[in-house]
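The block underneath contains the structure these notes are about, expressed in structure tokens.
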Amino acid sequence: MKRLFLSLVAMLFCSATVFAQEEPTPLTQENFVSAITDNPSGSFILTENIDLGDTITSSIIPTFSGTLDGAGFTISYNATVSAASTFGLFQTVSGTIKNLNIDASMTVRVVDVGGNAADTPVGLLCGELNGGTIQNCNAVSCEINSVIQAANGKGICTGLLVGTMTNATL
């Protein structure tokens, strides 16, 4: 009887351990950037719309390998960037972003008279999706304007949500 009781306790403990999942960190206007940059492999959920304003000149979050559930909320921003490097709200994503709306406009300038321009990936959600997944995400009232002056014929790889994808799912 004692052995049966210990076996049941062990099974319950193992079951609770297997089914325990990390609770996503709630994201608000105040902690959106800091929470993700402090833990880029974490699990997050939006709890409200996020407005990042109109002074963005570089990617907000360099790398993201975690999970972000937008919960149907919207991230809004306006950006003017020089496409010298990969650009997106998330520069490079290898994690999962789902159920998110993006409402953004961007002006991208590539001016290279010396012939050193490279094909630079630019997207409103992420510049590079590398092994990650974008699921049920929408572009709402989005616009990308490009000004390209490159001596070597290179420019930008522009996608509305994602600039370039490698081994990824969209």
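Here are the numbers for this structure:
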read-out	value
Asn130/Thr47 FRET efficiency (R0 25 Å; Cβ-Cβ; nearest 0.05)	0.35
Per-q log10 I(q)/I(0), segment 34-95, q = 0.13, 0.17, 0.25 Å⁻¹ (Debye; single scatterer per alpha-carbon; no solvent)	-0.36, -0.61, -1.19
Cβ-based net charge around Asp54, under 15 Å, with every Lys or Arg adding one and every Asp or Glu removing one	-3
Cut-off 14 Å between beta-carbons: net charge of the residues surrounding Val140, Lys and Arg +1, Asp and Glu -1	-3
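Every number in this text was worked out from the coordinates using simple rules, so none of it is lab data. Values in this document were obtained by computation on a predicted structure and should not be read as measured data. Every residue, glycine as well, gets a Cβ built from its backbone with ideal geometry; the counts of neighbours run over all protein chains shown.
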